[in-house]
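Here the structure comes first, spelled out in structure tokens, and everything after it is commentary.
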Amino acid sequence: MKEFQLDQLATFAAVVEHGTFEAAARQLHVTASAVSQRIKAMEQAAGRVLLQRSVPVRPTVAGEAVMRLARQMRQLQADTARELAGNAGGGAAVTLPLVVNADSLATWFLPALARTPPDAGACFEIHREDEQH
């Protein structure tokens with residue numbers, strides 16, 4: 001397997017997070033064709049299909065591994081930027097993605113999350129997902 005480029009990983013994450021190639025293209029300020037070409041190149045490099053072309057787009061099992069890599073690279077870049085800015089270990093919040101089903105989100109989850117101490121230094125990125133997924 002060939003290594004993925006950072007722009008490919010960012011594109012992959014945008015497609016998964018926004019659900020369509022077109023929405024990812026708008027967020028990345030590129031054409032939908034450019035998004036499609038990057039995903040195709042990633043799939044060729046991986047030697048397997050990474051996305052189910054449904055609405056919304058869903059990662060395959062292999063795609064979930066690539067999505068973890070994309071999130072880890074995003075976090076490493078944020079950590080490095082914070083350290084280079086002289087804020088290592090303080091100041092900026094760490095972003096933690098959380099996936100929650102709609103029932104939990106509507107009932108107990110937000111009150112439980114609200115109990116997180118304000119000085120915990122965490123920012124939560126909440127994704128609503130079907131409980132069957």
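The values are calculated or read from the model by the stated rules, or taken from the named source; none is laboratory data. Treat the numbers as computed from the prediction; the structure is a model and nothing was measured. Positions of Cβ are backbone-derived with ideal geometry, glycine not excepted, and every protein chain shown enters the neighbour counts. Surface areas here come from the heavy atoms of the whole protein model, side chains and all, with no ligands, DNA or RNA. Shrake-Rupley method; radii C 1.70, N 1.55, O 1.52, S 1.80 Å.
With unit charges on the beta carbons (Lys and Arg positive, Asp and Glu negative) and the dipole taken about the Cα centre of the range 1-114, which residue among V35, T80, A45 sits farthest to the positive side?
Final value for the positive-end residue is A45.
Ranking request for peptides 16-28, 101-113: highest mean number of other beta-carbon atoms within 10 Å first, then the rest in descending order.
16-28, 101-113
Using the Cα centre as the reference, give the magnitude of the dipole from point charges on the C-beta atoms of the range 1-88 (Lys, Arg: +1; Asp, Glu: -1; all else neutral), rounded to the nearest 20 debye.
200
Which of (1) 15.9, 54; (2) 15.3, 49; (3) 16.7, 45 is the computed Rg and Dmax of the Cα atoms in Å for the structure on display?
(3)
Rounded to the nearest whole Å², what accessible area per residue is found for the chain with the 1.4 Å probe?
Numbers: 8720 Å² over 133 residues.
For the chain, the solvent-accessible area averages 66 Å² per residue.
Could you give the angle, 0 to 90 degrees to the nearest 10, between helix 6-18's Cα long axis and the longest principal axis of the Cα atoms of the chain?
70
In whole percent, and with a 1.4 Å probe on the protein chains, what portion of the accessible area of the chain is carbon and sulfur?
Reported share for carbon and sulfur atoms: 54 percent.
Please give the net charge around A13, taking every other residue with its beta carbon less than 14 angstrom from that of A13, where Lys and Arg add +1 and Asp and Glu add -1.
Local charge sum for A13: +1.
Sequence-distant or interchain residues sharing an amide H contact under 5 Å with L96, placed H: which?
Here the answer is C123, F124, E125, since their amide H atoms fall under 5 Å of that of L96.
Per DSSP H run of at least 4 residues, take -39500 (n - 2.57); add these up for the chain, divide by its residues and hand me the 222 nm value, nearest 500 deg cm²/dmol.
So the calculated ellipticity at 222 nm is -15500 deg cm²/dmol.
Where does helix 61-84 land angle-wise versus the long Cα axis of the chain, in degrees 0 to 90, nearest 10?
That helix lies at roughly 60 degrees to the long axis.
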